[in-house]
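As structure tokens, the structure follows; a few thoughts come after it.
The values are calculated or read from the model by the stated rules, or taken from the named source; none is laboratory data. Quick caveat, the model's predicted, so the values are computed rather than measured. Reconstructed Cβ throughout: ideal geometry from the backbone, glycine too, with neighbour counts over all protein chains shown. For the accessible areas, the whole protein counts, side chains as well, though only heavy atoms, and no ligand, DNA or RNA atoms are used. Shrake-Rupley method; radii C 1.70, N 1.55, O 1.52, S 1.80 Å.
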Amino acid sequence: MEFVHQPVLLSACIDALHIKPDGLYCDCTAGGGGHSAAILSGLSEAGRLVAIDRDPDAIAVLQKRFSGDGRVRLVHDTFDHVEAALQGERADGILADLGVSSYQLDCAERGFSFHHDAPLDMRMSKTGLCAADVVNTYSEAALRKVLWDYGEEKYAPAIARAIVRDRQKQPIETTFMLVDTIKSALPGKAMRDAHPARRTFQAIRIEVNGELAMLADALDAMFSSLAVGGVLAVITFHSLEDRLVKQQFTKYTEGCTCPREFPVCVCGKKPRGQILCRGTAPAPAEVEQNPRARSARLRAVRKLRDRQTDD
């Protein structure tokens, strides 16, 4: 299957990054290369792009797409290792498009989608812990926590009980088996809105890939890897990751922490960043063309200085 990923909020991302023709940029979740190609279109021959992805299928596609372009260096790794990928250099702009790609959802055998029957996998890197391991080995309490923490699933206790019940009869090894188990645990009213398995699949995918566990440290690594004046742009797709990105970006903009009653600042702390985008949403036309963009939000911050306090 061809790796196709329609880049979300493309114009807004490029506007936020404010591409310098001779700059160094990093696409931390390059996927099919849509955002990367747009960045490259703004670079001169002196510009450079580091494209990172953890999915070996994506790396194979990127190698073909950018073959012969000396401005591009590909790195097969997770985005929290951005500092190593940049080899100590500071970037003028860094982009991270979080979550699962359209290719991963549409490629049935990857097991990300509740619309296709496939082995329970969900591994972006195709290595390590898979969804079937989570479903069939986690305790009921651990499953309940995963579903609540990463899916905000209000029926987490009932779904966790149903999973433990059904796996005692036989292992839950496919996506449709898990969907059937989820449906058996929910009241009728829960079946009338969004797909009943959506939150559970999101939660298990996040657990399998450690998405939120690495995000806070990854954002700090990305911000630290920016040159002064550089921009970090992040696209989120659900409230959990968007909330975390918003909180981290807010920290970068914090300045003086002296008590209000102090007549002058004595702490010397100054903002390290300036917010450029506060959750930009896609236009209706983009959502109509690409319904998966509906929940996307773009946040961007410009780096003002390396330290909070002046030397």
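Give segment 241-255 a look and list any residue that's open to solvent by 40 Å² or more (accessible area, probe 1.4 Å) and in contact with a Pro (Cβ under 9 Å, 6 or more places away or on another chain), or say none. T253, E254 - these are the residues of segment 241-255 that are open to solvent by 40 Å² or more (accessible area, probe 1.4 Å) and in contact with a Pro (Cβ under 9 Å, 6 or more places away or on another chain). One residue alone among L244, L232 is in a strand (DSSP E or B), in contact (Cβ under 8 Å) with a residue 24 or more places away in the chain and not small (G, A, S), and that residue is L232.
Within segment 52-81, which residues are within 14 Å of the chain's Cα centre (by Cα) and among the aliphatic types (A, V, I, L, M)? The answer is I52, and nothing else.
Here's the yes/no breakdown for (1) closer than 30 Å to A158 by Cα; (2) at pLDDT 90 or above; (3) in a loop (DSSP other than H, G, I, E, B); (4) not β-branched (V, I, T):
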{"position": "K189", "(1), (2), (3), (4)": "yes, no, no, yes"}
{"position": "A194", "(1), (2), (3), (4)": "yes, no, yes, yes"}
{"position": "Q274", "(1), (2), (3), (4)": "no, yes, no, yes"}
{"position": "E286", "(1), (2), (3), (4)": "no, yes, no, yes"}
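So D117 fits all but one of (1) in contact with a Ser or Thr (Cβ under 7 Å, 6 or more places away or on another chain); (2) part of a helix (DSSP H, G or I); (3) over 24 Å from L215 (Cβ atoms); what number is the exception? Of (1) in contact with a Ser or Thr (Cβ under 7 Å, 6 or more places away or on another chain); (2) part of a helix (DSSP H, G or I); (3) over 24 Å from L215 (Cβ atoms), only one is false for D117: (2).
Close Cβ contacts (under 8 Å, 6 or more residues apart or on different chains) running from residues in segment 208-225 that are in contact (Cβ under 8 Å) with a residue 24 or more places away in the chain and among the hydroxyl-bearing types (S, T, Y) to residues that are open to solvent by less than 30 Å² (accessible area, probe 1.4 Å) and not in a helix (DSSP H, G or I) comprise S225/C26; S225/L86; S225/A91; S225/I94. Could you please let me know if V266 is assigned to a loop (DSSP other than H, G, I, E, B), loosely packed, with under 13 Cβ neighbours inside 10 Å, hydrophobic (A, V, I, L, M, F, W, C) and out of contact with any helix residue (DSSP H, G or I) (no Cβ under 6 Å at 6 or more places or on another chain)? Against the criterion (assigned to a loop (DSSP other than H, G, I, E, B), loosely packed, with under 13 Cβ neighbours inside 10 Å, hydrophobic (A, V, I, L, M, F, W, C) and out of contact with any helix residue (DSSP H, G or I) (no Cβ under 6 Å at 6 or more places or on another chain)), V266 qualifies.
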